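Enquirer: One structure is given below, represented as structure tokens, and several questions about it will come after.
Values in this text are rule-based calculations from the coordinates and carry no lab data. Note that the coordinates shown come from a computational prediction; the quantities given were computed from them, not determined experimentally. With ideal geometry, Cβ positions are generated from the backbone for all residues, glycine too; neighbour counts draw on all protein chains shown.
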Amino acid sequence: MKFLFDLLPVILFFAAYKLAGASPEASHAFAAGWLGEGIAVTQAPILIATAVAIIATFVQIAIVWLRHRKVDTMLWVSLAIIVVFGGATLFFHNPTFIKWKPTALYWLFGSVLLGSALLFRRNLIRKMLEAQVRLPDEVWGRLNLAWSGFFIAMGLLNLYVAYSFSEETWVNFKLFGGMGLMFAFVLGQGFYLSRYLEEESN
């Protein structure tokens with residue numbers, strides 16, 4: 001359930017885009033009335049979906065705050081990025097900004113992981129996971145580097161899909177592609193770590 005909750009803005013973005021695309025005239029009238037004239041019919045779905053994602057992120061943070069009286073830094077960062085890039089898309093009626101949003105988030109995560117390790121000798125992946133699992137120091141280093149590389153590669157892949165394929169293909173990739181690749185990466189990481197967990201148990 002937590003996994004689905006974390007994906008709430010992405011899921012609602014996808015759903016809003018598909019629903020708006022299924023009723024182009026109605027969605028165009030709604031977007032034009034809300035954002036002003038000059039919006040093309042083809043722009044309405046992505047603009048509506050962007051607005052829904054921004055609202056969903058605010059709601060997500062409100063729910064977390066009400067439950068735990070604390071909000072993770074990652075959620076605040078996600079909110080800041082969706083407000084900046086999503087807000088620019090709504091203001092300029094230009095989907096380019098929202099298409100860059102996942103890349104900005106991925107690259108920020110990747111650079112923070114890499115920068116913390118190189119500049120401050122702090123392994124953030126270890127800090128997050130060492131309470132659940134014990135690993136040799138060199139494995140923690142590889143794990144941190146792997147996650148950093150994964151996020152950087154995902155940022156590049158997002159741009160490739162955004163600029164090489166249709167908008168609808170990018171929206172589909174944003175949910176299913178991103179989620180599928182993340183799942184595959186975590187699964188592969190689990191196989192890699194299993195040998196060390198077995199050694200520890202023996």
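Enquirer: Express in nm, to one decimal, how much length is gained between Ala153 and Lys127 on full extension, taking 0.36 nm for each residue of separation and deducting their alpha carbon distance. Present the calculation step by step, with values, prior to reporting the outcome.
Expert: Numbers: separation 26, 0.36 × 26 = 9.36 nm, distance 2.28 nm.
This chain segment gains 7.1 nm when fully extended.
Enquirer: For the chain, rounded, prolate or oblate, judged on the Cα gyration tensor with a ≥ b ≥ c (square roots of eigenvalues), a/c < 1.5 rounded, else prolate if a/b > b/c?
Expert: prolate
Enquirer: Please state the relative contact order of segment 68-114 as a whole percent: Cα pairs under 8 Å, 6+ residues apart? Could you put the intermediate results ahead of the total?
Expert: On the way: 20 pairs, mean separation 13.9, N = 47.
Here the relative contact order equals 30 percent.
Enquirer: For Glu167, Glu37, which order do you get if you count the other beta carbons within 10 Å of each Cβ and list the fewest first?
Expert: Glu37, Glu167
Enquirer: Only helices at least 27 Å long along their own axis, judged from Cα atoms, and with Kyte-Doolittle mean hydropathy of 1.0 or greater: name those in the chain from DSSP H. If you can, show how the numbers build up before the last one.
Expert: Details: long enough: 44-68 (36 Å, 1.83); 73-92 (28 Å, 2.15); 96-120 (34 Å, 1.09); 137-164 (40 Å, 0.68); 178-201 (33 Å, 0.38).
The answer, listed by residue number, is 44-68, 73-92, 96-120.
Enquirer: Count charges around Ile61 for me, please; just the other residues with Cβ under 13 Å from its Cβ, Lys/Arg as +1, Asp/Glu as -1. Walk me through the intermediate numbers first.
Expert: Details: positive: Arg67, Arg69, Lys70; negative: Asp6, Asp72.
Summing Lys/Arg as +1 and Asp/Glu as -1 gives +1.
Enquirer: Sort the following peptides by mean Cβ neighbour count (other Cβ atoms within 10 Å, averaged over residues), highest first: 139-148, 40-49. Could the numbers behind the result be given before it?
Expert: On the way: 139-148: 17.7, 40-49: 21.1.
So the order, starting with the most tightly packed, is 40-49, 139-148.
Enquirer: Quick one: what do you get for segment 19-130 if you divide its Cα Rg by 2.2 N^0.38 Å? Kindly include the intermediate steps, with their values, before the conclusion.
Expert: On the way: Rg = 17.8 Å, N = 112, 2.2 N^0.38 = 13.2 Å.
Rounded to two decimals, the normalised Rg is 1.34.
Enquirer: Tell me, in nm to one decimal, what length is gained between Thr42 and Ala62 on full extension, where the rule is 0.36 nm per residue of separation less the Cα-Cα distance?
Expert: Net length gain for the segment: 4.0 nm.
Enquirer: Multiply the residue separation of Val186 and Val84 by 0.36 nm, subtract the distance between their alpha-carbon atoms, and state the gained length in nm to one decimal. Walk me through the intermediate numbers first.
Expert: Working: separation 102, 0.36 × 102 = 36.72 nm, distance 2.92 nm.
Extra length available between Val186 and Val84 comes to 33.8 nm.
Enquirer: Sequence neighbours fewer than 8 away in the same chain don't count; with that in mind, list the lysines whose C-alpha is under 21 Å from Lys127.
Expert: Filter leaves Lys2, Lys70.
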